[in-house]
Amino acid sequence: MSEDPHSHGGPPTYTQPGARAPTHAERTRTLVATCDSGTLSTVAVEPAGYPFGSVATYALDEEGTPLVLMSTMAEHARNLAEDRRCSLMVAAPEPSGTSRLAGARATLLGEMVAVGEDNQDAATATYLTAHPGAYWAEFPDFGVHRLEVVAVRYVRGFGEMSWVDAQAYRTAEPDPIAPAEDGIVAHMNDDHRGHMRAMVGHYLDVDGEVTDVTMLSCDRYGFELRLDLAAADDEPAVAFGRIGFGEPLTDGSRAREAMIALVCATQG
């Protein structure tokens, strides 16, 4: 049994020996790639020096650099003209019934730089691919800016967080099965709870009787589970688990065969 970094004083996490998990750089790239808006914080001109938050939509280049379309009339553009330092905070939508503080979020810190004239058309095309309805991109006061990332702070939830090296963020690959994750998780929870219990019994050495299993997330390397345990001292008990795939998945269509392989191994 290994203990998850965010579980000190809380439920334990049981990890299959050898199971791989995404790095925080990979998790950050995936989060930022699956969202398209965040909170842009700049240093206010007036009142001077105070943090100023704005809603910002963005697209990404191949290295995960946010491309932000902004008007010269925007207050945050005025602020950035005086001080290019800023941050962009991106948060995953919280699952129904959970605290927003339990969800993943990342803050990208850096300097906002106007894209040069020679590259404006290409940058605008990239932005419009992510936001095809942004007709105002053609207005003369609008232009695309790049957030040159110098540091990243990633928070996965309660107690699990780290600073991510900017170069590690740029070179990390967004998870290729992220677009299919919600469907995979829903299908497993709706139709395969018995199979998940079999996998838990085979791959994880859980201390206690597992009464129910719920898949929480799935990525290219494996998946994470909530384990409901038989009550101890008349109080419900819970733990978490991680089981890995035989090899990283290259897209969501490979999840089914990977799950079948894991289930078949429990029957051998």
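The values are calculated or read from the model by the stated rules, or taken from the named source; none is laboratory data. Bear in mind the structure is a predicted one, so any value in this text is a computation, not a measurement. Note that each Cβ is placed from the backbone with ideal geometry, even for glycine, and that neighbours are counted across all protein chains shown.
Structure notes:
- Pair list, Cβ under 8 Å, 6 or more apart: region 99-118 residue surrounded by fewer than 16 Cβ atoms within 10 Å (Cβ to Cβ), other residue of a type in the set (Val, Ile, Thr): GLU111/VAL150
- Identity of the residue in region 153-205, among the polar types (S, T, N, Q) and over 22 Å from ARG100 (Cα atoms), that ends up nearest to the chain's Cα centre (by Cα): THR171
- Pairs, first charged (D, E, K, R) in region 28-39, second part of a loop (DSSP other than H, G, I, E, B), C-beta under 9 Å, six or more apart: ARG29/GLY64; ARG29/ALA172; ARG29/GLU173; ARG29/PRO174; ARG29/ASP175; ASP36/HIS131
- Residues located in region 235-256, provided they are surrounded by fewer than 14 Cβ atoms within 10 Å (Cβ to Cβ) and either under 14 Å from PHE223 (Cα atoms) or not assigned by TED's automatic domain parsing to the domain that holds PHE223 (or both): GLY246, GLU247, ARG256
- Listed by position, the helices (runs of 4 or more DSSP H) contained in region 24-142 that have at least 1 residues being within 21 Å of the chain's Cα centre (by Cα) and among the hydrophobic types (A, V, I, L, M, F, W, C) are 24-34, 117-130.
Here's the yes/no breakdown for (1) modelled with pLDDT under 95; (2) in contact with a Gly (Cβ under 7 Å, 6 or more places away or on another chain); (3) not assigned by TED's automatic domain parsing to the domain that holds ASP83; (4) not β-branched (Val, Ile, Thr):
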site: THR126; (1), (2), (3), (4): no, no, no, no
site: PRO140; (1), (2), (3), (4): no, no, no, yes
site: HIS145; (1), (2), (3), (4): no, no, no, yes
site: GLU160; (1), (2), (3), (4): yes, no, no, yes
site: ASP219; (1), (2), (3), (4): no, no, yes, yes
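- Looking at region 173-261, the strands (runs of 3 or more DSSP E) lying wholly inside it that each contain 3 or more residues that are more than 16 Å from ALA19 (Cβ to Cβ) and among the small types (Gly, Ala, Ser) sit at 222-232.
- Filter result (of a type in the set (D, E, K, R) and surrounded by 16 or more Cβ atoms within 10 Å (Cβ to Cβ)) within region 156-173: ARG156, ARG170
- Set ALA151, ALA106, ALA130, ALA92: member being under 24 Å from GLU173 (Cβ atoms), of a type in the set (A, V, I, L, M, F, W, C), at pLDDT below 95 and in the same structural domain as LEU31 (by TED's automatic domain parsing): ALA92
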